[in-house]
Structures are given as C-alpha cells and as structure tokens.
Amino acid sequence: MRLLTHNMLSCNIKGVTNGFPLRLEAEKWVEKEVELNADFLRHIFPKIEWKALAGAARAVDYCELPEEADAAMLDSEDFLRRFHHALLEIHVEEGALVCPETGRGFPITKGIPNMLLHEDEV
Amino acid sequence: MPRPEVQAPPEIFYNETEARKYTTSSRIIEIQAKISERALELLALPNDGLPRLLLDIGCGSGLSGETLSENGHHWIGYDISESMLNVALEREAEGDLLLADMGQGLGLRPGVVDGAISISAVQWLCYADKSSHEPRMRLKAFFGSLYRCLARGARAVLQLYAENMDQSEMIMMYAMRAGFAGGIVVDWPHSSKARKAYLVLTCGPPSIQSYLPKGKGEDGAMCSEDEESDDDGNQTVGIYDRTRPKKKAKINKNGKGKEWVFKKKEQMRKKGYSVPPDTKYTARKRKAHF
C-alpha cells in the first residue's frame with residue numbers, strides 16, 4: 001500500500017464520524033522507484049490532506065516533507081521530488097492502520113490492508 | 001453449471017483453484033482485458049495524457065487494473081477474495097490492493113477519486129450470503145459511498161451480469177437514489193454470449209457529460225466470429241439457472257416454532273415491510289377443536 005492510498009482511506013465503521021486519518025503503524029516497508037510525473041502531482045495535490053501525508057511519511061522514517069505545504073511550492077523541483085517519493089514510491093508491506101476514534105486496528109499483510117468489518121461494525 | 005453467484009459467497013467461490021484460472025487461462029485474460037478496455041473507453045476521461053486516480057471495484061487478480069496501468073493511471077483495487085488478491089500480488093499488479101467488502105461501503109474521503117470501473121462484480125451485492133446481509137442495504141451502502149468518493153462530474157462504469165430484469169432494476173434504482181445520473185449501455189444486445197451490460201453512472205447533476213454513449217452492435221451488426229464465441233470464462237453468460245438452490249427447511253413435528261416466526265418477522269422488518277407487532281398471540285398453536 002502506498003501512502004497515496006493511505007491518504008484516501010478513512011475508517012468505515014458505523015457511527016464513526018472522524019475516521020481520518022488512520023494512524024499508520026508500519027513494521028516493514030519497501031521503496032520502489034517510479035517515474036516522476038509532475039502533471040499528476042499537481043493534479044492530485046489539492047486532494048491530498050497534507051498533515052496526514054506528512055504524518056504517515058514520518059511513520060516510515062521519511063522526514064523530509066515540510067509540515068505545511070501550499071500550491072506555490074509545486075514549482076520547486078526539489079519539493080516535487082520529495083512529494084513524489086513519499087506519495088508513490090514507499091510501499092508499506094507489513095503493519096496496521098488504526099482508527100483514530102475507536103482504536104480498531106486493520107492489519108496490513110503483504111501490502112494489502114484488511115478493511116473487512118465485523119458484522120456489528122456495519 | 002449454475003451462476004457463480006448462486007454457488008457460494010464470493011470470498012469462498014474465488015478460492016485458490018478458481019483464482020488460478022485467472023493466471024493460466026489466456027482466454028479469460030483476453031476477455032477480461034477486452035471488457036476493461038471498453039469500460040475505460042466508456043469512462044470517457046479527458047484525453048490529455050494526465051494520469052488519474054481510479055478505483056477498480058472487484059479487482060480480483062488485477063487483470064482489469066493492468067489495463068488501467070497500461071494507460072498510465074493510478075488505481076486502488078477492492079476485492080473480498082484473499083486468493084484472488086494473492087494472484088494479483090503474483091502478477092505484480094501496480095495498483096494498491098485492499099481486502100474489503102464493497103457492500104460495507106468503500107471508506108474513502110469525499111471527492112478524491114477521478115473515476116471508477118468494476119468488472120463483473122456488482123451483481124454479487126444482490127445475494128444475501130450471510131444472515132446479516134441485506135442486499136438493499138448493501139447496495140445503498142455501496143452506491144452511497146461510491147457517490148461520495150467520486151469527484152464532481154466523474155464517472156463510474158460498472159460491467160455486470162444481472163441474473164434477471166428485477167436485479168438490474170434494483171441495482172439501477174439504488175444507483176439513482178444515491179444521486180447518480182446515467183443508464184445502462186448494452187454491447188452486442190443481439191448475441192446471447194457476447195452481450196455485455198455496462199452501468200454508466202455520472203456523479204453530479206445531469207449535464208452534457210452525462211449523455212449515454214451507444215452500445216456496440218446496437219444497429220443489428222453482429223460481432224466478429226471470435227468475439228461471438230466469447231463468454232466470461234467463469235461461465236456467467238448464457239446459462240439460465242434462475243433460482244437459487246433451495247435450502248432444506250428444518251421442520252420438526254411441532255411445526256417451525258415460535259422462534260422461527262419471530263426471526264422471519266424481524267427479517268421482514270429489517271427489509272422495511274410493515275409487520276404486525278409481536279404479541280402473545282404470535283405463532284400461538286390453535287387448539288384442536290374436534
């Protein structure tokens with residue numbers, strides 16, 4: 001699972017109003033190089049919750065993202081490279097996603113988060 | 001062979017052996033690729049070469065996702081079958097995979113996705129595989145969450161094999177209730193095997209964007225020989241087993257009993273029917289008068 005997906009996922013349990021962002025507890029992750037596409041980054045940037053991305057990047061020991069970001073920073077080559085790396089090149093393989101409200105954990109195995117809910121959570 | 005939907009729930013039906021077919025059978029691979037290409041075409045993304053973030057609902061072994069990757073898009077795939085996702089890992093699917101049940105809602109932030117495709121998956125929602133499953137509620141949860149996560153003006157193309165008219169009407173009704181505009185595009189309507197129905201939905205109010213494209217072969221043209229022999233490979237087309245195999249009812253000599261009646265009434269209540277209240281008279285045994 002890339003951090004791009006983590007940034008889109010929120011907790012789906014019935015009654016949870018504030019299920020975003022899911023806390024990332026990463027145990028194992030890998031980095032795979034992907035070609036940088038600046039257009040895509042500019043396109044996706046407004047949809048990214050920056051705080052959640054920076055937080056998730058710290059969970060996988062990548063601390064080179066600034067705390068705050070705005071659209072003007074997209075002109076900087078250096079910023080784009082870091083943004084790209086955090087968003088698309090880090091794959092979390094093992095770990096868990098934890099709902100911020102209920103503390104329910106969704107395990108990640110082989111890079112696939114298990115988001116199945118129990119019957120009483122639907 | 002009856003339809004897969006009537007045999008077992010998806011997480012059971014798509015087991016190791018069934019999943020294996022999706023790597024070994026070149027025919028299945030080819031058909032899946034063809035359907036997903038058509039779905040992507042119906043998605044009508046602006047032709048500017050910009051990669052988008054798409055959803056693949058019921059991605060299975062990632063065959064449909066491969067088409068998306070080939071076109072440069074990023075995608076998030078949902079599937080309920082672990083075996084199928086393992087195959088997707090083997091095939092090195094480029095999108096992110098989630099083990100999730102679409103009937104429980106997608107759990108995405110609002111307005112973040114640029115489009116969604118789904119190949120032969122949504123009809124599974126019409127079957128109640130557990131006592132807690134309620135097809136109407138599951139359809140509502142699915143379309144509601146899909147509508148929320150799509151960006152304004154984005155489209156969703158859902159290829160599906162409805163068992164009968166009632167099913168496709170029910171699916172359509174819940175899509176409309178969620179706020180979608182759109183309709184069904186049928187490719188090769190005159191062929192029993194090559195016939196494919198696509199639910200093309202647009203998020204947001206009706207506009208020029210929400211016009212429906214024409215299905216292939218609607219003017220009576222027949223598809224070519226090799227396409228004619230197609231079917232989905234999991235043999236869901238052209239087989240008419242209209243009823244689910246009946247469960248054997250457990251009846252003892254005292255009849256089905258009070259609990260059974262209460263359970264049935266509760267089920268009907270959940271479905272939204274008006275049901276008389278439970279009283280001491282409910283399911284009471286009649287006296288033998290003679």
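Since every read-out is calculated from the coordinates, none of them should be taken as a lab result. Keep in mind that this is a model prediction, so the values were computed, not measured. Quick reminder, even Gly has a Cβ in these numbers, built from the backbone with ideal geometry, and neighbours come from all protein chains shown.
Percent antiparallel among DSSP beta bridges with both residues in chain B, to the nearest 5? Antiparallel bridges: around 45 percent, rounded to the nearest 5. Could you work out the local net charge near residue B:200, counting Lys and Arg as +1, Asp and Glu as -1, over the other residues with Cβ closer than 13 Å to its Cβ? Value of the local net charge: +2. Once both labels are positioned 7 Å from their Cα atoms along Cα-to-Cβ, the gap between residue B:131 and residue B:33 label points is 4.7 nm.
For chain A, A:63 stand unpaired, since no other cysteine beta carbon lies under 4.7 Å from theirs.
Its DSSP H runs of at least 4 residues, each contributing -39,500 (n - 2.57), put the calculated 222 nm mean residue ellipticity of chain B at -10000 deg cm²/dmol, to the nearest 500. Note on residue B:280 and residue B:246: with the Förster distance fixed at 35 Å, the Cβ-Cβ geometry gives a FRET efficiency of about 0.60.
Across chain B, the mean sequence separation of Cα contacts (distance under 8 Å, 6 or more residues apart), normalised by length, yields a relative contact order of 16 percent. Let me know the shape class of segment B:1-136, please: from the alpha-carbon gyration tensor, a ≥ b ≥ c as square roots of the eigenvalues, rounded when a/c is under 1.5, otherwise prolate if a/b is greater than b/c, or oblate. The shape class here is oblate.
Each part gets one Cα centre, and for segment B:19-87 versus segment B:147-192 those centres are 18 Å apart. Where a ≥ b ≥ c are the square roots of the eigenvalues of the C-alpha gyration tensor, would you call segment B:4-240 rounded, which needs a/c under 1.5, or, failing that, prolate if a/b is larger than b/c, or oblate? The shape class here is rounded. For a straight C-alpha distance cut-off of 19 angstrom, the lysines reachable from residue B:248 (same-chain residues fewer than eight places away being disregarded) are B:130, B:256, B:258, B:263, B:264. For the pair segment A:14-30 and segment A:58-122, the centres of their Cα atoms are 8 angstrom apart. Partners of residue B:214 within straight-line reach, counting lysines whose Cα lies under 23 Å from its Cα and excluding those fewer than 8 residues away in the same chain: B:34, B:193, B:196. Please report the net charge: other residues with Cβ closer than 14 Å to the Cβ of residue A:54, K and R +1, D and E -1. Net local charge, residue A:54 excluded: -2. Based on C-alpha pairs under 8 angstrom that are at least 6 apart in sequence, chain A has a relative contact order of 39 percent. Answer rounded, prolate or oblate for segment B:116-191, using the Cα gyration tensor with square roots of eigenvalues a ≥ b ≥ c: rounded when a/c is under 1.5, else prolate when a/b is larger than b/c, else oblate. Note, shape of segment B:116-191 comes out oblate.
Estimate the FRET efficiency between residue B:271 and residue A:70 by the formula 1/(1 + (r/R0)^6), using the beta-carbon distance for r and 56 Å for R0, to the nearest 0.05. List each step's numbers first, then the result.
Details: r = 50 Å, r/R0 = 0.89.
With R0 = 56 Å, the Cβ-Cβ based efficiency is 0.65.
Counting only lysines at least 8 places from residue A:32 when in the same chain, those with an alpha carbon closer than 20 Å to its own are A:110. Taking every alpha-carbon pair under 8 Å whose residues sit at least 6 apart, segment A:58-122 reaches a relative contact order of 19 percent. Among bridges DSSP assigns within the protein assembly as shown, what percent are antiparallel (round to 5)? Here the antiparallel bridges make up roughly 60 percent for the protein assembly as shown.
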